[in-house]
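Bear in mind that the values in this text are calculations on the coordinates, not laboratory data. Please read these numbers as outputs of a predicted model, since none were measured by experiment. Methodologically, a virtual Cβ is constructed for each residue, glycine included, from the backbone with ideal geometry; neighbour enumeration extends over all protein chains shown.
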Amino acid sequence: MAKVELTKIASDLGALPSQVAFVLAQLGAFPENGAVEVDDDTLELASEEIRTLVESKVVTLAPKPTPRDIAAALDVPQSDVQKALIGKGVLASLTTVLETDVAEDAVKQFGYAVRWAEAPKRKEPDEATTVRRKTVGGGTLRPPVVTILGHVDHGKTSLLDYIRESRVAEKEHGGITQHIGAYQVAVGPGKITFLDTPGHEAFTAMRARGAQVTDIAVLVVAADDGVMPQTIEAINHARNAEVPII
């Protein structure tokens, strides 16, 4: 497992370091001092989501941000954020907690939109929940990767929403997934990494990629539609990658 500088990953993907840090943290790779220890599979997986943030020009902020938080997210001088706020009639110190609309307006002046999310938090290990890492062939155990596959609009994201207790499906453009989403869910003493893949026929390459990096494929089939073209394609992707199908 190599240690990589966030700025190097950001430069390679044309992203902001904050976008890189957020996605990696979602996958359980927490950056420290501007660098992160990450394996190749996790980095490739993160790259898909990072590119989505870059293309949509979105930065993620935790609730109750300060001008300092916004500057860090945008990778701009703190004084530039304060100037942007002053231009809108808001006088704030670097540690002033900003209202949601004020923060969004400040970020918008730099050409970005805000996605609000709680930052992933490390859980303090205790005797009941600690997952002991075991050496396996010179490496360490990692959370298993489960990819959700199936035809468009058959309920893949809705299934994952139920598992994560969220409502991502309601917010997607046209009601369909258009990029690979990566999420981690705490299960007992450990975690499971879920990949949500688009089901539309235009996203064949993304589905193939999801099947290649997974440990288990979950095939979702709508009862009213039955087996459809992308259902068969998903089965073939999983078979080619030699991963078990549920």
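Worth a mention:
- For SER93, the test of being within 30 Å of VAL187 (Cβ to Cβ) and either in contact with a helix residue (DSSP H, G or I) (Cβ under 7 Å, 6 or more places away or on another chain) or among the small types (Gly, Ala, Ser) (or both) is failed.
- Listed by first and then second residue, the pairs linking a residue in segment 13-38 that is at positive phi to a residue that is in a helix (DSSP H, G or I) and surrounded by fewer than 19 Cβ atoms within 10 Å (Cβ to Cβ), with Cβ atoms under 9 Å apart and 6 or more places separating them unless they lie on different chains, are GLY14/ARG51; GLY14/VAL54; GLY34/THR7.
- Taking (1) within 30 Å of VAL145 (Cα to Cα); (2) surrounded by 19 or more Cβ atoms within 10 Å (Cβ to Cβ) in turn, ASP40 satisfies each apart from (2).
- Scan of segment 64-90 for residues that are in a helix (DSSP H, G or I), touching a helix residue (DSSP H, G or I) at 6+ places or on another chain (Cβ under 9 Å) and loosely packed, with under 13 Cβ neighbours inside 10 Å, ordered by number: SER79
- Residues satisfying the stated conditions in segment 1-37, i.e. outside any helix (DSSP H, G or I) and either of a type in the set (S, T, N, Q) or under 15 Å from the mean Cα position of the chain (by Cα) (or both): ALA15, LEU16, LEU27, GLY28, ALA29, PHE30, PRO31, ASN33
- Cross-chain or 6+ apart pairs with Cβ under 6 Å, segment 50-79 first and more than 14 Å from SER18 (Cβ to Cβ), then outside any helix (DSSP H, G or I) and among the small types (Gly, Ala, Ser): PRO67/ALA92
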